[in-house]
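Single-structure report; data block below.
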Amino acid sequence: MMVAWSQSPCHVPCGELAQGTERRAARDGRSDVKTHKAHAVGIDLGTTYSCLAYLNEHGEPVTLANQEGELATPSVVFFDEDQQVVVGTEALRNAIVRPDRVVQNSKRHIGDPSHCWTIDGQDYTPVDIASYVLRKLLTAAHEQIGAVERAVVTVPAQFSELQRRATIEAGHRAGLKQVDIINEPVAAALCYVLGTEGLWFTELADEQRILVYDLGGGTFDLSLVKYHQDEVCVVASSGDLHLGGIDWNAALERAICDRFLADFHADPREDSRSLQALSLEVETTKRSLSVRPRAALTVQHDTHRKTYQVQQQKFVELTQPLVERTAAITQKMLADNQMGWAHVDVILTTGGASRMPMVRDRLKELGGRTLNTSLSPDQSIAHGATYYAGMLLSNTEFAKAIRNKDVTSRLARMKQVSVNARGLGILVQNDQRIRVPHYLIPANSPLPAKFTQTFGTVVENQKRVHLQIVESPATEGRPHVPLGECIIDDLSPNLAEGSEIAVTIAYDGQARVHVTAIDVTGGREATTEIIRPENVVTTEVEGTPEEEAPPETQEPATSVDDFQVEKWANSTDRVAVQLPDDDDEILDLSKPAASTGPAPAGRKRVRRKKSKTRPSSGNKSGRSRPGNKKQSASRPQTVKPPPLPPGLDSSQDSASAEEEFWNLPDS
């Protein structure tokens, strides 16, 4: 989700807006050109649907319709044969005719540099797809409130560093000049505090603990938020990035395909067109079952066609494992933070999939109370994002544009404090020479956060250490997420075995990762900051560097360097990799001393320089996909910033008989 600021209404391209104003002023002999009025705009960049809202002059969030008059735009992109890009409902319709040219649910893959879709020989990454969807929304906003150049992106709380950076990059490719981040559950909490109970009616009680249950189309976000004296503070966060409404669709789709196969000995899953048409039918049926006890679902494949009446109770049975997953995640988050339902004052639901009766019934059963469903499941995240934008703009021209001074005063007072949803640490070596993650900053630590751990070298005259920075998985049972690697060279000469190396890992307020290693003996220091997943910047100490080893004696690029740890209470052994016997660039956690205070004194002045780093796992320069040949060197490896999406053109509709998929047979 994204919040952006726009300028006053204008119908020229964004880049020409300021220049045109200046030219008109110069032509008229005026020099007092005023800055355009800014607007706080929020964009919910969802897995299945996206929407955009802004704060009007009264400080109220208003959702803007797209070019087709829809408040929610399908996050679907269609690439036609004429090199045109179609986004939204028309792209969804074309998915039936040309499913091989349509990309859906790309948000589930964002942050994965190896995932792409190949169409007409061109690779499109999840960042590319997200940028097209964003440009569609920004174009519609431009036509109504002016050009949008700055944005705040809201993302699932469980998003990793790579996924957050990829989302920011998508915003830049769509034409935004500045992008900030806020977690979606926090945006929902702000919408509840400011938009539903606080800003327009009465103040909330002095303190409330709000459980934000956000079940969207592709992700499940769960946060316990404390509101106290104009501050929204996240206490704990959990969720599942691969659990959402499309998983309920998949369960129903599998069941209906199996039934159709038994009836006609023909499987719709064997034909992409039949399967895509069925997927759209399943989505419609799921929505109907949220308000009706039964709904019709039509399946057509090969020469067969049949309409099934799906009972709501049958749908509940098919999806019960999914509902129980949400329940287990909810119970575990509370238990991990030594809390029970007595500590929860409000259960707040949002996200389109939270409408389903079986979801609400199970959550009501868990909490033992009535749910607060006052938020719009589809628009509350975008509205909360606009409030956050207003908070950021409270001391700018935006505040002057709001007529209600109580609104601007309240926005200026509001604060939000987030936590890191994932643990942050490094790979270490245990006594079995197995490489495991060792998390220095646990999950749900308030941001900014900082932690220092002292390690020991394992050989005499050790020359360097190798930091492999990782995040804990978003879902229990999955592997850790590599953020990047950094090699710190030129340790103090003649270090004795067991010499202390203090490693400090920190999250700043924007959840950017900083890593510092200090040679306690000599006071040498090296610092890295993960600005992008592919780029780690290293700071080396000044002083007398060691002589560079001859090329034949340097370590090959395939070796592995780790730290050795004897005791790790917060580590995991889910990823076990046997290390080579001759690994001598490891550290030993012989003294598990830890501190959150200042780093050891005696460090020398440092100078910054960029160093070459090895890409983290799965983040290679050359992408490979099953069944695709490697691209030639002459083929472009990146997609240019997307043009403005074309308007939906009726000429793009197919003249074939695909409309039969949508017609139910006469009863």
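Exactly one condition in (1) open to solvent by 50 Å² or more (accessible area, probe 1.4 Å); (2) over 30 Å from residue 54 (Cβ atoms); (3) modelled with pLDDT of 80 or more is false for residue 415; which is it?
(2)
Take the residues in the range 439-470 that are under 23 Å from residue 416 (Cα atoms) and not small (Gly, Ala, Ser); name whichever of them is least open to solvent (accessible area, probe 1.4 Å). Break it down stepwise before answering.
Of the range 439-470, the ones under 23 Å from residue 416 (Cα atoms) are 441-451.
Remaining after also requiring not small (Gly, Ala, Ser): 441-442, 444, 446-448, 450-451.
Working: 441: 5, 442: 71, 444: 36, 446: 83, 447: 30, 448: 95, 450: 97, 451: 50 Å².
Among residues in the range 439-470 that are under 23 Å from residue 416 (Cα atoms) and not small (Gly, Ala, Ser), the one least open to solvent (accessible area, probe 1.4 Å) is 441.
May I ask you to list the residues in the range 428-487 that are of a type in the set (Ser, Thr, Tyr), within 18 Å of residue 502 (Cβ to Cβ) and in contact with an Asp or Glu (Cβ under 7 Å, 6 or more places away or on another chain)? Can you show your working first?
Applying the first criterion (of a type in the set (Ser, Thr, Tyr)) to the range 428-487 yields 439, 445, 452, 454, 457, 472, 475.
Okay, now just the ones that are also within 18 Å of residue 502 (Cβ to Cβ), so 439, 452, 454, 457.
Across the range 428-487, the qualifying residues are 454, 457.
So which pairs qualify, if the first residue must be in the range 146-171 and outside any loop (DSSP other than H, G, I, E, B), the second must be among the hydroxyl-bearing types (Ser, Thr, Tyr), the Cβ gap must be under 7 Å, and the two must be at least 6 apart or on different chains?
As it stands, the answer is 148/6; 152/388; 153/167; 155/167; 170/131, since those pairs meet every condition given.
So for the range 256-267 (the condition being assigned to a loop (DSSP other than H, G, I, E, B), open to solvent by less than 60 Å² (accessible area, probe 1.4 Å) and among the acidic types (Asp, Glu)), does at least one residue qualify? Working first, answer last.
From the range 256-267, those assigned to a loop (DSSP other than H, G, I, E, B) are 265-267; that's our starting set.
The next check asks that each one be open to solvent by less than 60 Å² (accessible area, probe 1.4 Å); those that pass are 266-267.
Imposing the further condition that a residue be among the acidic types (Asp, Glu) reduces the set to 267.
For the range 256-267, residues assigned to a loop (DSSP other than H, G, I, E, B), open to solvent by less than 60 Å² (accessible area, probe 1.4 Å) and among the acidic types (Asp, Glu): present.
Given the options 86, 41, 97, 77, name the one that is under 30 Å from residue 301 (Cβ atoms), in contact (Cβ under 8 Å) with a residue 60 or more places away in the chain and buried (at least 24 other Cβ atoms within 10 Å of the Cβ). Outline the logic, then answer.
Working: 41 fails: under 30 Å from residue 301 (Cβ atoms); 97 fails: buried (at least 24 other Cβ atoms within 10 Å of the Cβ); 77 fails: in contact (Cβ under 8 Å) with a residue 60 or more places away in the chain.
Result: 86 is the single residue among 86, 41, 97, 77 that is under 30 Å from residue 301 (Cβ atoms), in contact (Cβ under 8 Å) with a residue 60 or more places away in the chain and buried (at least 24 other Cβ atoms within 10 Å of the Cβ).
Which residue, of 33, 41, is part of a loop (DSSP other than H, G, I, E, B), aliphatic (A, V, I, L, M) and modelled with pLDDT under 90?
Working: 41 fails: part of a loop (DSSP other than H, G, I, E, B).
It is 33.
If the requirement is being in contact with a helix residue (DSSP H, G or I) (Cβ under 8 Å, 6 or more places away or on another chain), in a loop (DSSP other than H, G, I, E, B), farther than 13 Å from residue 140 by Cα and open to solvent by 40 Å² or more (accessible area, probe 1.4 Å), which of these qualifies: 68, 57?
On the way: 68 fails: farther than 13 Å from residue 140 by Cα.
Among 68, 57, only 57 is in contact with a helix residue (DSSP H, G or I) (Cβ under 8 Å, 6 or more places away or on another chain), in a loop (DSSP other than H, G, I, E, B), farther than 13 Å from residue 140 by Cα and open to solvent by 40 Å² or more (accessible area, probe 1.4 Å).
Among the residues of the range 471-494, what is the count of those that are within 30 Å of residue 330 (Cα to Cα) and either of a type outside the set (Lys, Arg) or open to solvent by less than 20 Å² (accessible area, probe 1.4 Å) (or both)? Can you show your working first?
Step one: list which residues in the range 471-494 are within 30 Å of residue 330 (Cα to Cα), which gives 471-483.
Still in the list and also either of a type outside the set (Lys, Arg) or open to solvent by less than 20 Å² (accessible area, probe 1.4 Å) (or both): 471-477, 479-483.
Going through the range 471-494 one residue at a time, the tally reaches 12.
Among the candidates 222, 252, which residue alone is open to solvent by less than 10 Å² (accessible area, probe 1.4 Å), at pLDDT 90 or above and part of a helix (DSSP H, G or I)? Walk me through how you get there before you give the answer.
Details: 222 fails: part of a helix (DSSP H, G or I).
Sole residue among the options that is open to solvent by less than 10 Å² (accessible area, probe 1.4 Å), at pLDDT 90 or above and part of a helix (DSSP H, G or I): 252.
Can you name every one of the strands (runs of 3 or more DSSP E) wholly within the range 289-387 that holds 1 or more residues which are more than 23 Å from the chain's Cα centre (by Cα), closer than 28 Å to residue 268 by Cβ and of a type in the set (Lys, Arg)? Write out each step before concluding.
Details: elements: 294-301, 304-311, 346-350.
Ranges flagged: 294-301, 304-311.
If the Cβ limit is 8 Å and pairs must be 6+ apart or interchain, which residue in the range 319-336 that is farther than 12 Å from residue 248 by Cα and touching a residue at least 24 places away in the same chain (Cβ under 8 Å) pairs with which residue that is aromatic (Phe, Trp, Tyr) and in a helix (DSSP H, G or I)?
Every condition considered, the pairs that remain are 334/341.
The values are calculated or read from the model by the stated rules, or taken from the named source; none is laboratory data. None of the values given here were measured: they were computed from a predicted structure. Cβ atoms come from the backbone with ideal geometry, glycine included; neighbour counts cover every protein chain shown. For accessibility, only protein heavy atoms count, side chains too; no ligands or nucleic acids. Shrake-Rupley method; radii C 1.70, N 1.55, O 1.52, S 1.80 Å.
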